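Following: one structure in structure tokens, then a few remarks.
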Amino acid sequence: QNVSAVAGLRAHRRVTEDDFLRMATDPQTVVLDARSSEKFVMLHVKGARNLSLPDITAEELAKIIPSKSTRVLIYCNNNFLNEPRAFPSKALSASLNVYTFNVQYAYGYRNVYELGPLIEIDKTRLSFEGELAPR
């Protein structure tokens, strides 16, 4: 696919924390975490499904996303500050969201949105699960 076309689409599909929270409450929406299973187990957005980027194939996506029109929300390391174990920062050009968005687009998923802002983990209104989640 045309990478610049995907980049243009991605720019319009970055959402605020409020929009992400609102969309995530829809039971038809899938929150996808493409980090490693090790990082996912440490900490992830509550209710997120994990499919590590290297493991993404058409078959694996189809197992967790009901259809290509299903709304998918993504987030990555670069969305959260102050939790370097579970969410280590990366260079912006190496952001996992870039690759996750492109891969889903390549497999025909067009209803993908990504969390846009950089949020301090202790100030976000998103809820987390995992070994490092507050009890």
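Below is a table of values for the structure above.
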{"item": "Residue, farthest from LEU73 (Cα to Cα), within segment 111-135, restricted to residues that are without any contact (Cβ under 8 Å) to a residue 60 or more places away in the chain and in a loop (DSSP other than H, G, I, E, B)", "result": "ARG135"}
{"item": "Residues of segment 34-52 that turn out to be within 24 Å of SER93 (Cβ to Cβ), open to solvent by 40 Å² or more (accessible area, probe 1.4 Å) and not polar (S, T, N, Q), as a count", "result": "2"}
{"item": "Single residue of segment 1-33 satisfying the filter (modelled with pLDDT of 95 or more and among the β-branched types (Val, Ile, Thr)) that is most open to solvent (accessible area, probe 1.4 Å)", "result": "THR25"}
{"item": "Matching entry among ALA34, ALA7 (being of a type in the set (A, V, I, L, M, F, W, C) and out of contact with any strand residue (DSSP E or B) (no Cβ under 9 Å at 6 or more places or on another chain))", "result": "ALA7"}
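Yes/no matrix, rows are residues, columns are (1) open to solvent by 40 Å² or more (accessible area, probe 1.4 Å); (2) under 21 Å from LEU21 (Cβ atoms); (3) touching a strand residue (DSSP E or B) at 6+ places or on another chain (Cβ under 9 Å):
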residue	(1), (2), (3)
ILE56	no, no, no
PRO66	yes, no, yes
VAL72	no, yes, yes
LEU92	yes, no, no
GLY108	no, no, no
GLU114	no, yes, yes
SER127	yes, yes, yes
LEU132	yes, yes, no
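The values are calculated or read from the model by the stated rules, or taken from the named source; none is laboratory data. Predicted model, so just to flag it, every value in this text is computed and none were measured. Glycine also receives a Cβ, built like all others from the backbone with ideal geometry; neighbour counts cover every protein chain displayed. For the accessible areas, the whole protein counts, side chains as well, though only heavy atoms, and no ligand, DNA or RNA atoms are used. Shrake-Rupley method; radii C 1.70, N 1.55, O 1.52, S 1.80 Å.
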